[in-house]
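Here's the structure we're looking at; comments come further down.
Every read-out reported here was derived from the displayed coordinates using simple, explicitly stated rules and does not represent laboratory data. Since we're looking at a predicted model, the values are computed, not measured. All Cβ positions, glycine included, derive from the backbone under ideal geometry; neighbour counts span all protein chains shown.
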Amino acid sequence: MGQRIVKQLGQFIVTLIGITFLTFCLTYLAPGDPVTMLLETADTIVSQELIDETRAELGLDKPFLVQYGNWLLHAVQGDLGMSYSAKKPVVDRMLEALPGTVYLAGTALVFTLLYALPAGILSAINRNKWVDYVLRAMAFVGISMPTFWLGLILIYIFGLKLGLVPIASSRITATGVILPALTLAAVVGSKYMRQVRLVILEEMSKDYVMGARARGVSESRILFRHVLPNAILPLITILGVLIGWLLGGVAVVEMVFAWPGLGNMAIYAITMRDYPLIEGFVLWVALAYMCVNALVDASYVLLDPRLKRERV
């Protein structure tokens, strides 16, 4: 077990270094000068001396490897630098946007589970019947719809025409989160519903299910006492990927609804060439994915004691 933890920790560190190095490389090679974007406003013209002085203050005049090494050294200590556009530490700016993303991701996840799990199970147990066809068609439509288009339609109907929810409120509210969460759940839930259906169908085709049916066990007992417990591991794996994706801040949806989250912040940072903020955001996304995957992997032992015996 100890060797496994050390191995996973090593992979964790190597992955983070690789992701941050690649991101730093892409921002370094990206067109445009962040110093010019930072200093020039409207019709003002900034002298070359001021540009050079600011570039030196920000450390952008140093070679690429020196810049990355300095950033990595400070990042290990919890310092991700200063945001060019917000004029504050990157960590502080991200902490301001994090609650919005967590709230939106949690709400969207609840809506996803409420839709995808019952729909997937119902579609599987009614395979090739009209219920299955209807649910699969709904999932196909949900996957095919662009999130920005669906978001605009929901805003037009429920926000503009019916006036049931606020439109583009820049504050975190219980009513304001409904439409962006539904937009995400429609797409994410459709994907997850299809995965639930496939996993349930795969379990129902195994020999132990046919044996239970031959012994006269009811279909409901087979489903809830045998199929669902055995299907929980692959479903949790897929769910972990979806959670990591949601925690990364879904930029398009947050931008459409003007939701104050990490995705909206990342779009603004890219527009302003705010490289420290971009690098901090990418680091957060990588950490979110890897931490969720680690928690999912740890949950396997709790859900299936056989794995614990195998790892001992």
Given Leu98, Ala298, Ala288, which one lies farthest toward the positive end of the charge dipole of the chain, if we put +1 on the Cβ of every Lys and Arg and -1 on the Cβ of every Asp and Glu?
Ala298
Return the distance in nm (one decimal) between the two label points of a simple spin-label model at Phe21 and Lys129, each offset 7 Å from Cα along Cα→Cβ.
5.6 nm
Relative to the chain, whose Cα atoms define the longest principal axis, helix 90-125 and its Cα axis are tilted in degrees, nearest 10, by 20 degrees
Among Ser190, Ser299, Ser123, which one shows the biggest mean-square fluctuation in a GNM of the chain, springs joining Cα atoms closer than 10 Å?
Ser299
Karplus (6.51, -1.76, 1.60) ³J(HN,Hα), θ = phi - 60°, over the range 236-241, in Hz, Gly and Pro reported as x:
5, 4, 5, 5, x, 4
Which of the lysines could be linked to Lys129 by a straight reach, that is with a Cα gap under 29 Å, when you skip same-chain ones fewer than 8 residues away?
Lys191, Lys206
Tell me which label goes with the value of Cα Rg over 2.2 N^0.38 Å computed from the coordinates here: (1) 1.24; (2) 0.96; (3) 1.11.
(1)
Förster radius 22 Å - calculated FRET efficiency between Phe12 and Leu98 (Cβ-Cβ, nearest 0.05):
0.60
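How big is Rg to Rh over the range 109-220, alpha-carbon atoms, Rh as the Kirkwood inverse-mean-distance radius? Mind showing how you got there, number by number?
On the way: Rg = 18.2 Å, Rh = 15.9 Å.
My calculation puts Rg/Rh at 1.14.
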Would you work out which of Phe24, Ile125, Ile172 lies farthest towards the positive end of the dipole of the chain? Charges go on Cβ: Lys and Arg +1, Asp and Glu -1.
Ile125
Can you give me the angle between helix 178-204 and the longest principal axis of the chain, using Cα atoms only, in degrees from 0 to 90, rounded to the nearest 10?
40 degrees
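Suppose every K and R has +1 on its Cβ and every D and E has -1 on its Cβ; what is the size of the dipole of the chain about the Cα centre, in Debye to the nearest 20?
On the way: 25 positive and 22 negative charges, 427 e Å.
Here the size comes out at about 2060 debye.
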What residues qualify as long-range amide H neighbours of Met82, i.e. H under 5 Å apart, gap of 5 or more or another chain, H built at 1.01 Å from N?
Val90
Which lysines, if any, have their Cα less than 22 Å from the Cα of Lys87, not counting same-chain residues under 8 positions apart?
Lys62
Helix 130-144: angle to the longest alpha-carbon principal axis of the chain, degrees 0 to 90, nearest 10?
10 degrees
